[in-house]
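**Student:** Got a structure for you, written out below as structure tokens; questions coming shortly.
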Amino acid sequence: FFECLNICKMLDNVVSQGLPSVAQEAVMMTTTEEITTPKVVGYDFNEGCDMNKALAASITTGFQATSMGRAMETIEAMLNWTLNDEDLAEDEEEEYLSKEARTQVRCKIFLGYTSNLISAGTRETIRFLCQHRMVQVIVTTAGGIEEDLIKCLAPTHLGDFALKGADLRRKGINRIGNLLVPNSNYCKFEDWIMPILDAMADEQEQGTVWTPSKMIHRFGKEINNPESVYYWCWKNNIPVFCPGLTDGSVGDMIYSHSYKRPGLILDIAGDIRLINDQALKARKTGMIILGGGVAKHHTCNANLMRNGADFTVFVNTAQEFDGSDAGAHPDEAVSWGKVRIDTKPVKVYAEATIVFPILVGMTFAKRFHAGLPVGGSKGDVIYDKSYTPMEHEMERKKLLSPDGCAPLFQ
């Protein structure tokens, strides 16, 4: 106690005699530039419990709330963009000279997600987007296909992250995080899919070439259930790409089928051309990617074919220190040409089952229920409208010119 008292007296003496100049300069550093960015302020619940206003305030809340707010703004920009936002090129095609025609040309949205988001209740959010043609291209993993179809046959249940694997294994129950899937669900899936694989093999003998995307559309047609994401993708002709389609239960079924009836072939080369052309032919593209791995990279790599996406939103919890694709900051994708150099991509470091329904609710769903344009049927909107030769040359110079680039290493 007395030692502390002596220290306090010494400090009082220093203050009374004036701070040393070095300390005073360090502590009282003069602000030489006015900060003009928005003030940090969150929603005041004294104003009521308006969750629309509360979520809208995320943009000025800071940290990942601000990232989520920026993601909302980026998605709004995807949905708002029309060819009218661009200068009219001197060599524009005659059919796109009028304001009405240019309004029809919209941004093509690629939605990529990992399988766990179909296992979870996020599936219903994704289905809503596909049901109303709000996205134009889907990229996912094998589990992202089969779990949707299996849910049409039998439910997935809530469980707990702490449930013991050995106990569940003995009971024939599979755990996905804190979700539980009875093994009997996969038995029902086998009963459902085997006749379809037989029919596909028959059609192959008649000349049909099956790609993963064609197979997925066939599954969507056969499931014939409006609860299914891929039913709506089939019905609305939304292409679904899954380069790792055999990496899951679908692959197990194809393996089993190959012993009963060898010869069914999936052509992945056909799909790589199709997804790359989806990006290449679009006038403007947006990417919304939930999670990492194949779903993220396959989406980004397709957009490389056009020197990168114009609008980008990543949502995942991965960090970049290990060099993983999932953890990579959007600026790394800029270096590869997968995100355009003149855009402002957003990454939200958050768990997608929390964030994605909010993003959809504040953008796609809000516009849909307000009667505002969002997606459209074939003929209502145009997604494939290439650059004119003059526009292409301007873009090439803008994106590839070294002018203004700082040296990489000093």
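**Student:** Any idea what the alpha-carbon Rg over 2.2 N^0.38 Å comes to for the range 194-256?
**Tutor:** Ratio of Cα Rg to 2.2 N^0.38 Å: 1.10.
**Student:** With springs only between Cα atoms under 10 Å, which of MET51, MET200, MET78 fluctuates most in a Gaussian network model of the chain?
**Tutor:** MET51
**Student:** Students often check this: by mean Cβ neighbours within 10 Å, which of 235-241, 145-151, 321-327 ranks highest, and how do the rest follow?
**Tutor:** 145-151, 235-241, 321-327
**Student:** Kindly identify the range 191-333 as rounded, prolate or oblate by the Cα gyration tensor criterion: order the square roots of the eigenvalues as a ≥ b ≥ c, call it rounded if a/c is under 1.5, otherwise compare a/b with b/c, prolate if a/b is larger, else oblate.
**Tutor:** prolate
**Student:** Among the GluC sites (Glu not before Pro) in the range 297-381, which ones are in a DSSP loop with at most 15 other Cβ atoms within 10 Å of the Cβ? Mind listing them?
**Tutor:** Sparse-neighbourhood loop GluC sites (Glu not before Pro): GLU351.
**Student:** Still on this model: Just one of (i) 26.6, 98; (ii) 23.1, 73; (iii) 21.8, 76 is Rg and Dmax of the Cα atoms in Å calculated from these coordinates, so which is it?
**Tutor:** (i)
**Student:** Please sort through the DSSP H helices of the chain and keep those with an alpha-carbon extent of at least 27 Å along the long axis and a Kyte-Doolittle average not below -1.0.
**Tutor:** Flagged H segments are 183-205.
**Student:** Per-residue ellipticity at 222 nm for the chain, helices alone: DSSP H runs ≥ 4 residues times -39500 (n - 2.57), over residue total, nearest 500 deg cm²/dmol?
**Tutor:** Theoretical 222 nm ellipticity from helices: -14500 deg cm²/dmol.
**Student:** Need one number: nm distance between label points at ILE265 and LYS344, each 7 Å from Cα along Cα→Cβ, rounded to one decimal.
**Tutor:** Taking the two extended label points, one gets 5.0 nm.
**Student:** I need the shape label for the range 25-124. Rule: rounded when a/c is under 1.5, else prolate if a/b > b/c, else oblate, with a, b, c from the alpha carbon gyration tensor.
**Tutor:** oblate
**Student:** Taking the chain as a Gaussian network, Cα atoms linked when under 10 Å apart, which of LYS397, LYS221, LYS281 shows the biggest mean-square fluctuation?
**Tutor:** Per the Cα network of the chain with a 10 Å cutoff, LYS397 tops the list.
**Student:** Can you give the FRET efficiency for LYS397 and ASP325, using 1/(1 + (r/R0)^6), R0 = 35 Å, r = Cβ-Cβ distance, to the nearest 0.05?
**Tutor:** 0.75
**Student:** Would you work out the relative contact order for the chain, in percent, from Cα pairs under 8 angstrom that are 6 or more residues apart?
**Tutor:** 19
**Student:** Let me ask something else about it. Using only alpha carbons, build the gyration tensor for the range 333-398 and give me the equivalent ellipsoid semi-axes, biggest first, whole Å.
**Tutor:** Working from the Cα gyration tensor, I get semi-axes of 29, 22, 9 Å.
**Student:** To check you understand DSSP bridge types, tell me what percent of the beta bridges within the chain (both residues inside) are antiparallel, rounded to 5.
**Tutor:** Beta bridges within the chain, antiparallel portion: roughly 25 percent.
**Student:** LYS188: which aspartates and glutamates have alpha carbons under 20 Å from its alpha carbon, excluding same-chain residues fewer than 8 sequence positions away?
**Tutor:** Partners found: GLU146, GLU147, ASP148, ASP198, GLU222, GLU227, ASP247, ASP252.
**Student:** Would you work out which of ALA201, SER249, HIS217 lies farthest towards the positive end of the dipole of the range 193-323, given +1 charges on the beta-carbon of Lys and Arg and -1 on that of Asp and Glu, about the Cα centre?
**Tutor:** In the range 193-323, that residue is HIS217.
**Student:** Shifting gears a bit: Can you tell me the accessible area per residue over the range 148-272, all protein chains present, probe 1.4 angstrom, in square angstrom?
**Tutor:** Result: 52 Å² per residue.
**Student:** What percentage of the solvent-accessible surface of the chain, computed with a 1.4 Å probe over protein heavy atoms, is contributed by carbon and sulfur atoms?
**Tutor:** On the chain, the fraction of accessible area on carbon and sulfur atoms equals 56 percent.
**Student:** R0 = 35 Å: FRET efficiency of PHE45 with ASP384, Cβ-based, nearest 0.05?
**Tutor:** It comes out at approximately 0.15.
**Student:** Right, here's the next one. Points 7 angstrom from Cα along the Cβ direction at SER256 and ARG175: gap in nanometres?
**Tutor:** Roughly 2.5 nm, to one decimal.
**Student:** At 7 Å along the Cα-to-beta-carbon direction for both SER21 and HIS157, put a label point, then send me their distance in nm to one decimal.
**Tutor:** 7.7
**Student:** Now for a different question. Name the residues whose placed amide hydrogens come within less than 5 Å of the amide hydrogen of VAL139, ignoring near sequence neighbours (fewer than 5 apart) on the same chain.
**Tutor:** For VAL139, whose amide H was placed from the backbone, the distant partners under 5 Å are LEU111, GLY112, TYR113, PHE241.
**Student:** Rounded, prolate or oblate, given the Cα gyration tensor of the range 64-117, with a/c below 1.5 counting as rounded?
**Tutor:** Since a/c reaches 1.5 and a/b is larger than b/c, the shape of the range 64-117 is classed as prolate.
**Student:** Among TYR349, TYR96, TYR230, which one moves the most in a GNM of the chain with springs linking Cα atoms closer than 10 Å?
**Tutor:** TYR96
The values are calculated or read from the model by the stated rules, or taken from the named source; none is laboratory data. Note that the coordinates shown come from a computational prediction; the quantities given were computed from them, not determined experimentally. Here the Cβ is made from the backbone with ideal geometry for all residues, glycine too, and neighbour counts use every protein chain on show. Areas reflect the complete protein model, heavy atoms only, side chains present, ligands, DNA and RNA absent. Shrake-Rupley method; radii C 1.70, N 1.55, O 1.52, S 1.80 Å.
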